[in-house]
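One structure is given below, encoded as structure tokens.
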Amino acid sequence: MADQDYIVADISLADYGRRELDIAETEMPGLMSTREEFGASQPLKGARIAGCLHMTIQTAALIETLTALGAEVRWASCNIYSTQDHAAAVIAASGVPVFAKKGETLAEYWEYVDHIFQWGDDPCNLILDDGGDATMYIIWGARVEAGEEMPAPSNEEEEEMQKVLKKRLAASPGFFTKTRDAIKGVSEETTTGVHRLYELAKEGKLPFPAINVNDSVTKSKFDNKYGCKESLVDGIRRGTDVMMAGKLAVVAGYGDVGKGSAASLRGAGARVIVTEIDPICALQAAMDGFAVMTMEKAAPVADIFVTTTGNKDVITIDHMRAMKDMAIVGNIGHFDNEIQVGSLANLEHVEVKPQVDMYTFPDGKRMLLLSQGRLLNLGNATGHPSFVMSASFTNQVLAQMELWTNTSKYDNDVYVLPKHLDEKVAMLHLAKLNVELSELSDEQAKYIGVPQSGPFKSDQYRY
Ligand code: NAI
């Protein structure tokens, strides 16, 4: 291993990172009580975790929780714009190998993903992923080693991944198979990554167990919703300083992220239109008081556009051509292909500042694109606040502990954490908000048919 086993933008930012991390800890009761409860027994001793998740201050608190529980960790960000350089610096300075810079290139991004798997003779044995890139890297590498042909890359992202993967195949024969076979499981943070895992499981191609952290209630119904409610408008404001009140904003998708995003824009005084393909979510949006229409109808009239679907080609080049002068366009879903950014390549373009680009169409009309279509709350701002990330990351820590200590309980399939743990995560966050919980009497518990101390809902309950 090289002497300096990290790549960060500026290691001298470590002290600043520590000061912000100290503040974050006061807002992350779930993580802090997990350290208290499990620190002494070191349940993650022996665990070597390859982590690929936005390298923010909140993630630094997650990393320090994993190491406090005995794990060794190597880390990269899961997006080229989401790193907070002072967060990466404080983690590097603490001796944890981290490979992440805000504004890294796609080539660097995949090199860094490769670096988190470089453990020397003892390969990593757990993955903590956000979006599935790290997991797919190992799975594809092992499949190629087994003789399978990789499909031709369909975008720049895949092209760069394949370049790095081929380099590793040539440098370290058998590396991917050995790593894959050592991995006891993956815990996955987000909707898009979970989707990829279920696809693999359906095809019988998931090589290790996976815990779907996203679908813990205390993750998707909080981070995706209340997190975006705070961080979406934050990103638009830091990017553009535009007056939000009175503007017409479009939110594509009314799932958890869409609900939070629409609430964020409404809270800032914007008038909000929603687009949906699912009648249930469209009806929810309408009954929450939003106009629901197609992107074709909304494109020429709105001022701000945000995609939240996890789908591709949601804002097309034709939609962008139809927009008004100085429309603001951004995405908060996991991948940038929600917007047809590639088709802007031939337009006249200036970088206003990092992560804010102005494009001019042939007719002179201008458009502001945030974070090149990558998730704008992390590209233009600092992502979700610590408190909500504490809930997400407490689920992550519990999932890693479960995969590490109860390996034999799990087949190569996708699981969610049991409800009693979900309720525990929520419980750990109540005191901070001075929430007083009512208690069921014995008779009441019997009457509604639940144990007096929970779980309080069936697995079918939707919250
Ligand atoms: P979800 O599945 O709850 O919601 C997506 C919604 O988009 C669904 O209701 C779906 O019907 C709708 N949709 C799909 N195609 C559409 C189209 N062409 N036009 C209009 N609507 C369409 O997923 P969730 O949890 O809301 O996540 C959305 C994306 O955000 C994912 O990529 C996820 O990974 C990402 N995410 C980003 C976060 C951030 O901080 N930036 C936080 C959490 C999730």
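The values are calculated or read from the model by the stated rules, or taken from the named source; none is laboratory data. As the structure is a computational prediction, the values presented were derived from the model and not from experiment. Reconstructed Cβ throughout: ideal geometry from the backbone, glycine too, with neighbour counts over all protein chains shown. What goes into the accessible areas is simple: the full protein's heavy atoms, side chains included, and nothing from ligands, DNA or RNA. Shrake-Rupley method; radii C 1.70, N 1.55, O 1.52, S 1.80 Å.
Near the amide H of Ala270, within less than 5 Å, lie the amide hydrogens of Gly246, all on another chain or at least 5 residues away, with H placed in the peptide plane.
So, in Å, what gap is there between the alpha-carbon centers of region 365-381 and region 167-242? The distance from the Cα centre of region 365-381 to that of region 167-242 comes to 21 Å. Packing here is the average count of other Cβ atoms within 10 Å per residue, and on that basis the peptides 59-71, 407-419, highest first, run 59-71, 407-419. Taking a ≥ b ≥ c as the square roots of the eigenvalues of the Cα gyration tensor, region 109-149 is oblate, since a/c reaches 1.5 or more and a/b is not larger than b/c.
Just so you know, the Cα atoms of region 225-380 work out to an Rg and Dmax of 14.0, 41 Å.
3J(HN,Hα) along region 256-270: 5, 5, x, 4, x, 5, 5, 5, 4, 5, 4, x, 8, x, 6 Hz, from the Karplus curve 6.51 cos²θ - 1.76 cosθ + 1.60 with θ = phi - 60°, whole Hz, x for Gly and Pro. Extension gain, Lys45-Asp121: 0.36 nm per intervening residue step, less the Cα-Cα distance, totals 25.6 nm. Taking 17 Å as the cut-off, no amide N atom of region 392-429 comes nearer than this to a point 7 Å along the Cα-to-beta-carbon line of Thr26.
At a 1.4 Å probe radius, which order do Glu439, Glu158, Glu111 fall into by accessible area, largest first?
Largest accessible area first, the residues go Glu439, Glu158, Glu111.
Note that region 103-110 has calculated 3J(HN,Hα) couplings of x, 4, 7, 5, 4, 5, 3, 6 Hz, one per residue in order, obtained from phi through the Karplus relation 6.51 cos²θ - 1.76 cosθ + 1.60 (θ = phi - 60°); glycine and proline are x. Tell me whether region 34-138 comes out rounded, prolate or oblate; compute the Cα gyration tensor, take square roots of the eigenvalues as a ≥ b ≥ c, and use a/c under 1.5 as the rounded threshold. It is oblate, given that a/c is not under 1.5 and a/b is not larger than b/c.
With helices as the sole contributors, the chain gives -12000 deg cm²/dmol at 222 nm; each DSSP H run of n ≥ 4 counts as -39500 (n - 2.57), and the sum is divided by every residue. Listed by chain and number, the lysines whose C-alpha is less than 18 Å from the C-alpha of Lys102, apart from same-chain residues fewer than 8 away, are Lys353. Using a 1.4 Å probe, what is the accessible area per residue for the chain, in Å²? On a per-residue basis, 43 Å².
Backbone geometry of region 165-175 corresponds, through the Karplus equation with coefficients 6.51, -1.76 and 1.60 at θ = phi - 60°, to 3J(HN,Hα) couplings of 4, 5, 4, 5, 4, 6, 6, 9, x, x, 4 Hz, x marking Gly and Pro.
Taking amide H positions as modeled 1.01 Å from N, with prolines and chain starts lacking one, the residues under 5 Å from Ala76 and 5 or more places away or on another chain are Gly51, Cys52, Leu53, Phe99.
What shape does region 101-195 take by its C-alpha gyration tensor, where a ≥ b ≥ c are the square roots of the eigenvalues and a/c under 1.5 counts as rounded, a/b above b/c as prolate, and the rest as oblate? Cα axes put region 101-195 in the rounded bin. In the complete set of protein chains, residue-level accessible area for Tyr16 is approximately 100 Å², probe 1.4 angstrom. Peptides 244-250, 97-103 ordered by packing proxy, namely the average of other Cβ atoms within 10 Å per residue, highest first: 97-103, 244-250. Extension gain, His420 to Phe361: 0.36 nm times the residue separation minus the Cα-Cα distance gives 15.8 nm. Between Glu149 and Tyr198, the simple label model (points 7 Å from Cα in the Cβ direction) yields a spacing of 3.1 nm.
Spatial offset of region 384-463 relative to region 327-354 amounts to 39 Å, using the alpha carbon center of each. Our analysis of region 341-463 gives Rg over Rh at 1.22, with the two radii drawn from alpha carbon positions and Rh computed by the Kirkwood formula.
Translational diffusion coefficient of the chain (Stokes-Einstein, Kirkwood radius from Cα pairs, 10 °C, 1.306 mPa s): 69 µm²/s. Candidates Tyr254, Ala71, Met161 compared by Cα position along the dipole of the chain: farthest toward the positive end lies Tyr254, with charges placed on Cβ. Here's the list of lysines a cross-link from Lys178 could span, going by alpha-carbon distance under 26 Å and ignoring same-chain residues fewer than 8 apart: Lys45, Lys163, Lys166, Lys167, Lys202, Lys205, Lys409. What whole number of Å gives the distance from the Cα centroid of region 87-159 to the Cα centroid of region 43-82? What the calculation gives is 13 Å, centre to centre.
Computed from label points 7 Å out along Cα-Cβ, the spacing between Ile11 and Thr405 is 3.5 nm. The label point for Ala445 and the one for Ile277, both projected 7 Å from the Cα toward the Cβ, are 4.6 nm apart.
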